[in-house]
1. Collect the residues in the stretch 73-99 that are in contact (Cβ under 8 Å) with a residue 60 or more places away in the chain and either open to solvent by less than 10 Å² (accessible area, probe 1.4 Å) or charged (D, E, K, R) (or both), keeping them in residue-number order.
2. So which strands (runs of 3 or more DSSP E) stay within the stretch 230-284 end to end and still have 2 or more residues that are open to solvent by 30 Å² or more (accessible area, probe 1.4 Å)?
3. Among (1) in contact (Cβ under 8 Å) with a residue 60 or more places away in the chain; (2) of a type in the set (D, E, K, R); (3) out of contact with any His (no Cβ under 9 Å at 6 or more places or on another chain), which single condition is Asp201 missing?
4. Across the stretch 188-222, what is the total count of residues that are among the hydroxyl-bearing types (Ser, Thr, Tyr) and open to solvent by less than 60 Å² (accessible area, probe 1.4 Å)?
5. Inside the stretch 46-90, can you point out the residues that are closer than 16 Å to Asp151 by Cβ, touching a Ser or Thr at 6+ places or on another chain (Cβ under 8 Å) and in a loop (DSSP other than H, G, I, E, B)?
Amino acid sequence: MTTRPTVEKMVQRAATASLLPLFFLFFPPAKSHAAASEWVTSAGGAIRLVAAQPEADGTIPAILEVKLKPGWKTYWRNPGASGIPPQITIDPSSGVVLKGIDFPAPRTFGEGPARYVGYDTPVTFPLALKRTRGDGDLALRASVFLGICEDICIPVQGELNLVLKKGEFDNPLDRARIADAVAALPQAPSTDFNVTTASFDAEAGAIRLRLQLPPEAKTGQPDLFLAGPSGMSFGEPAFGAETGIQRTADIPVKLSGKDKNIKGKPIALTVRAGSRSMETTLAFD
């Protein structure tokens, strides 16, 4: 088993959800000539894209902002048995590619089969964008698909457009929004917050973890969230009897299809403990 400090981007998929087709929302492209797109609204919230001028290496700092009305929720990268994680497709003619989406630490809602993972307050997802050609103006066109849910899940699809003009100064508020979103992401493993051991028990069908939690989290139960490749799902963690900053946990793993082996398959692990969160990638030999 090896634990890598950087998180590999998971291939995202839309899980089966209880949807209401009548409320399927599609919004036509909105014109924008600023570093932020127009808001696309739905019954439970709104979404928009914010971007800054490209860096010297072509990286484009950007975020997807999701506003949520009180009582509404949206999903994490692996929402559980049902839900729609955020999906973004960049028009290739934009001269920009999407390398991945980063996620702040989520929360768990519901129990049993109705259990899912997501957010119940406004949330911002940093985007890994990179320009693929030229050094002039960029007209960024993105198609976004996600679920915003109250008692039912309403799939929201919208086209978000913005223009980054070469030589223009960034809006300081937009830059601050992007910086705040990056700062809110889970930390890399550290000496006082990490996974000390990880193994897969094939007979039990479970990942077994030993965690080092930060001193501020010696009381209370940590939250664990896992996301793996398509065909891999995870049950509710079962914690050992330990208290303090050393904890153990078993997480059931279910593999669909013919391949029942997790060898070499990267699994993103996010841990929330106290006011801190940490993310790492697990890989089993």
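1. Within the stretch 73-99, Lys73, Thr74, Trp76, Arg77, Pro79, Gly83, Ile84, Pro85, Pro86, Lys99 meet the criteria.
2. Here the list reads 232-234, 246-255.
3. (1)
4. Residues that pass the stated criteria total 2.
5. Answer for the stretch 46-90, where residues must be closer than 16 Å to Asp151 by Cβ, touching a Ser or Thr at 6+ places or on another chain (Cβ under 8 Å) and in a loop (DSSP other than H, G, I, E, B): just Ser82.
The values are calculated or read from the model by the stated rules, or taken from the named source; none is laboratory data. Predicted model only: the values in this text are computed from it and were never measured. Backbone-built Cβ (ideal geometry, glycine too); neighbour counts: all protein chains shown. Just so you know, the surface numbers come from the protein's heavy atoms only, side chains and all, with ligands and any DNA or RNA stripped out. Shrake-Rupley method; radii C 1.70, N 1.55, O 1.52, S 1.80 Å.
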